Amino acid sequence: MKNRNYSIKRIVNWLLPFCFFTFLPLNAQIGTWKNYLAYHEVKSICKAGDELFVLASNGLYQYNINDQSITTYDKVNGLSDTHITHIAWSQQAKRLIAVYQNANIDLIETDGDIINISALYNKSMTDNKTVNSISIEGIYAYLHCSFGIVKVNMQKAEITDTYTPNMPDYPVGLTPYQDQYAEYITMVSTLNPGGPIYNHFYESKFIKGILYTTGGYFLPSMPDNEFPGIIQTFDGNNWTLFEENINEKTGYAYLDICCIDVDPINEKHVFAGGRCGLYEFNDGKLVAYYNKDNSPLKSANDRGTELGNDYLLILGIKFDAQGNLWVLNSMAQGVSLLELTPDHQWKDHHQPLLTDNTENTLPGLRDMTIDSRGLLWFVNNNWQNAALFCYDMQNDVLLKYDNFTNQDGQKYNITWAYCVVEDRENNIWIGTDQGPFMIKKSEVGQQNITFQQIKVPRNDGTSYADYLLSGVSISSIAIDGGNRKWFGTNGSGVFLISSDNLNQLQSFTTSNSKLISDNITSVIVNQQSGEVFFLSDKGLCSFYSDAIEPNEEMTKDNVWAYPNPVSPDYTGLITITGLSFDADVKIIASNGALIAEGRSNGGLFTWNGCDKKGKRVASGVYMVITANSDGKKGTVCKIAIIK
C-alpha cells in the first residue's frame, strides 16, 4: 500500500506542471443524457409519510418535509416514460403509482426505487387505453379506463385483473383517489424544483452560450393547434422567461411564438415572431411590437378577406452581420420579404416568386439561415407549394427550388419542407417529409441544381446502396463540430450520421434511449460543450456528444484532457479537447509504445483508456501527441492513469 501511494504521488507531482486544466470545471461525461422539464403547474399532491409526491406540468418530483430536499424524476434517473397524467399513493403497499398518457405504469418508493409495469402499455387492443382516474383500496390500484377497469397489485407489481362493464364481478362503488392538493398547495407553491416554466418547445437558437427557445407552433392548415406566447432562455444554470401577457399591451392575441433571433450587435436585443406579428425585446422585456397598424406588415389574406392582427404570420426572421433583421410575412398580399434596419427603417424586398397564383405570399415561409457566402436561405413548409429559396441580399436576386429531382433522375413530390442548413464543407442540406437532400457547394447559387441523395453502400457483398434516410420525415438538421449531421424527425427520433455521410453512428428513440419523444421539432448543438439539445412535443432533453467546435490552432494553452488524473474508479471516456478540425491524435506510453490513435471529431477526441488490444492500460503517465489535418505538428499534453 505504501508503494502504491508513493507511486501515485510521484505520478501526480510529475504531471502537475502540465496540468493547469485539472482544476478547471469539467464537462458532463460524454454519452450522458439530461432532461430539462417543467415542474411549474401543480396538478396532484400525494403525502407519503414525511414525503410529498408532486405531479406538476406532467412531471414528478418528491419533497421531504423535514429537510426540505427536492428530488426530481425523469427518464434519466429511473422513470420509464414521459408525461404522467395521474398519481396515487397506497399506504399499505408503501408505493406511489404513476400512470402515463400512453398507459405505461411506474411504481415508485420513497427511497427512489422504481418498478415498471408495461403490460397495459404493450397490450394490443382497439379500445382507447387512456386512464381517466385511479381508485386505491389497500394494496390495489383500480385504473378507470373507457373500456373498463384494470386492477393493479401494487405490492406484487403486476396487473391481476381486467374488468369490462358486462362482467358480473365488475367493481362498483369505487371511490376515486383524493390527493392532498388543498392541504399542501400553499407549501408546494413556494418550492423551486428547477427547470423551465413550460414544456412547450418549437424553434431554438444557441448564441453566445445561451439557448433561446420558442414555445409556439402555427401552420395555416392547423389553426386550432395554438400555444400561448412563450420565449424561454437557458444559460447553462438558470432559466429565464421573457415577458408574458403581451396581449394586454398590444390589444390583440399573443400566441404561437415560433421564430427568434438575437441582434449580433447587442445580445440583449431579441426579436421574435409568431401568429400575431413581430415582437422586439430588450433584456426579456417588450419594447416594441409590429403589426398591420404600425408597419408594412400585413395580416393573412384568406380568400380576399384580411384577417387582422390576430393572424399576422411572421414564421421566419434572421439578423444579418450588420444588424439588419430580415422578416418573412406569410399569407400576406403584396408583402413577403422585408428588412428592418438598426435605425428601425423598413425596406421592402417583395418577391413574386414568394407568392401563389392568387398573389398571396406562400403560407409557411420559415427557417431562415445565412450561409458562409452571405446567401439567405429559407423554406416554404406547406403542402400547397413546398419549396426551398435562396436569396442574394446584395443583388436582390431570389432563386426558387421546388423541383425535387435527385442525381438519378428520380422526382419526389415533397409535401413538407421543414428546414435548411449549411454543413462545414459548404454544402446545403434540406429536411423534408421524404428524407434529407443535399445541394453540392459547386451548385450553390445556380438556377438549376440537383437535390442529391447520399447513397449508402449496403456492404453485403453486392454493389447495392440505399439513399440516406429515404422516406424518413426530417424536421430539423444540426451540424456539429465534426461536420456530423444530427437529424431530428417526425416520429422516428434522432439520427447521427458521420461526417462523410456514409455511416449511421447513433439512432435514438424513446424505446432505446433516454430521448423523451420521437417527435423532434428542433435540434441545436452547443458547439463549445458538445451538448446536443432535442426540442420536442413533450419537452426538452439533451445528449452530451463527442464533438465540439474545433480550434483554428492547437497550443499548449488550449489543448487539455479530462479527467486528469484518471482515478481508479473512473470507467468512462477520457476526453482531449481544444483540437483543430480532423486533427491526428496519438496516445503514447512512457516507453514510446503507441497505445491508441485516431482523428478528432471537430475539436474533441475520446480515449477509452485501453490499448489497441482492448486491455485497460497500467498506471502511468501517457503522452497525447497531436498534429493538424495537414500533418503539421500540433501540441502535447499528458494524462495520468492511476489504478
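As a rough guide to protection, the peptides 88-98, 230-240 ranked by mean Cβ packing within 10 Å, highest first, stand as 88-98, 230-240. Solvent exposure of segment 297-445, expressed per residue, is 39 Å² of accessible area, with all protein chains present and a 1.4 angstrom probe.
When only Cα pairs below 8 angstrom with a gap of at least 6 residues are kept, the chain shows a relative contact order of 8 percent.
Residue pairs exceeding 31 angstrom between C-alpha atoms, taken from K205/K638; K47/K75; K514/K633; K268/K440: K205/K638; K514/K633; K268/K440. Using the Cα gyration tensor of the chain, with a ≥ b ≥ c the square roots of its eigenvalues, what is the shape: rounded (a/c below 1.5), prolate (a/b larger than b/c) or oblate (neither)? Oblate is the answer for the chain, as a/c is 1.5 or above yet b/c matches or exceeds a/b. Projecting the Cα positions of L312, S629, Y391 onto the charge dipole of the chain (unit charges on Cβ atoms of Lys, Arg, Asp and Glu, taken about the Cα centre) puts S629 furthest along the positive direction. Between segment 223-301 and segment 513-569, the alpha-carbon centres lie 29 Å apart. Excluding D169 itself, calculate the net charge of residues whose Cβ lies under 14 Å from the Cβ of D169, where each Lys or Arg counts +1 and each Asp or Glu counts -1. With Lys, Arg at +1 and Asp, Glu at -1, the net is 0.
Across the protein chains, with a 1.4 Å probe defining accessible surface, the residues V621, V172 rank V172, V621 from largest area downward.
Sorted on the mean count of surrounding Cβ atoms within 10 Å across their residues, most packed first, peptides 563-571, 131-139, 271-279 read 271-279, 131-139, 563-571.
At an R0 of 22 angstrom, the distance between the Cβ atoms of T130 and Y170 translates into a FRET efficiency of 0.70. Database remark: amide H of G634 closer than 5 angstrom to the amide H of T626, A627, N628 (H placed geometrically; neighbours at sequence offset of 5 or more, or on other chains; Pro and chain starts carry no H). The residues of segment 494-603 expose on average 39 square angstrom of accessible surface per residue, using a 1.4 Å probe on protein heavy atoms. Working note: Karplus 6.51/-1.76/1.60 with θ = phi - 60° gives segment 333-344 the couplings 10, x, 9, 9, 10, 10, 10, 10, 7, x, 8, 6 Hz, where Gly and Pro are set to x. Here each label is just a point 7 Å from Cα along the line to Cβ, and for K441 and D283 those points are 4.2 nm apart. Protein heavy-atom surface of the chain, 1.4 angstrom probe: 46% of the accessible area is carbon and sulfur, with nucleic acids and ligands not counted. The residues of segment 44-142 expose, per residue, 39 Å² of accessible area to a 1.4 Å probe. Under 16 Å of direct C-alpha separation, and excluding same-chain neighbours fewer than eight residues apart, K615 reaches these lysines: K643. Rounded to the nearest 500, the helix-only mean residue ellipticity at 222 nm of the chain stands at -1000 deg cm²/dmol, with each DSSP H run of n ≥ 4 adding -39,500 (n - 2.57). Inter-part distance, segment 362-429 to segment 142-178, computed on C-alpha centroids, equals 54 Å.
The values are calculated or read from the model by the stated rules, or taken from the named source; none is laboratory data. Please read all numbers here as calculations on a predicted model, not as lab measurements. Positions of Cβ are generated from backbone atoms using ideal geometry, with glycine treated the same way; all protein chains shown enter the neighbour counts. Surface accessibility is based on the protein's heavy atoms, side chains included, excluding ligands, DNA and RNA. Shrake-Rupley method; radii C 1.70, N 1.55, O 1.52, S 1.80 Å.
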